[in-house]
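Since every read-out is calculated from the coordinates, none of them should be taken as a lab result. Everything quoted here is computed from the prediction, not taken from an experiment. Because the Cβ atoms are built from the backbone with ideal geometry, glycine has one as well, and the counts that use them run over all protein chains shown.
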Ligand code: HEC
């Protein structure tokens with residue numbers, strides 16, 4: 001009996017997990033931050049001003065040691081990957097909905113259930129995270 005049940009239970013779990021992850025992540029405008037933290041995280045302001053020097057430093061992280069470009073592409077629209085597609089950084093609506101604090105949460109924690117990896121503490125520092133956040137904002141400004 002056990003022998004038959006185990007694969008069925010495993011499959012059921014797999015489907016439940018897949019559909020839960022899918023439901024949460026299909027809509028790109030849904031917050032990635034868990035609901036209980038959302039308000040606090042959304043209110044976090046970037047402690048550094050968006051100076052040209054910081055945007056440039058953020059750009060270097062994006063194309064350099066942050067490895068962001070590998071998945072998010074030269075133009076910020078995202079490259080085709082197996083699994084969940086990377087965000088289109090040129091999407092004005094998405095840029096308006098998300099706060100800098102939410103960007104930072106994703107850089108600190110990754111986006112669970114997707115390929116978006118933890119960056120802060122692994123390959124970049126907190127300050128570099130805020131700088132790259134300034135740089136990501138330029139993907140819409142440069143379009144206008
Ligand atoms: C291995 C591929 C990969 C790398 C490397 C990567 N990302 Fe991502 N990123 C993704 C994917 C996939 C998503 C979509 C996740 C989702 O929909 O929740 C994403 C989503 C994001 C988001 C949007 C999250 C949201 O709230 O909507 C931001 C911001 C982001 N990445 C920034 C970065 C930065 C900055 C770097 C480099 C320091 C980076 N990513 C490196 C794959 C990657």
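Among 140, 33, 132, 106, sorting on how many other beta-carbon atoms sit within 10 Å of each Cβ, with the fewest leading, yields 140, 33, 106, 132. Here the residues 111, 125, ranked from fewest to most Cβ neighbours within 10 Å of their Cβ, fall in the order 125, 111.
Ordered by the number of other Cβ atoms lying within 10 Å of each residue's own Cβ, fewest first, 130, 94 fall into the sequence 94, 130.
Extension gain, residue 80-residue 53: 0.36 nm per intervening residue step, less the Cα-Cα distance, totals 6.6 nm.
Under the simplified labelling scheme, the residue 28-residue 94 pair shows an inter-label distance of 0.3 nm, with each label point 7 Å from Cα along Cα→Cβ. Taking label positions 7 Å along the Cα-Cβ direction at both residue 38 and residue 67, the computed distance is 3.1 nm, reported to one decimal. As a length-normalised measure over Cα pairs under 8 Å and 6 or more apart, the relative contact order of the stretch 49-110 settles at 15 percent. Once the stretch 31-141 is represented by equal point scatterers at the alpha-carbon sites, with solvent omitted, what log10 I(q)/I(0) does the Debye formula produce at q = 0.09, 0.10, 0.15, 0.23 Å⁻¹? Each listed q corresponds, in turn, to -0.20, -0.25, -0.59, -1.57.
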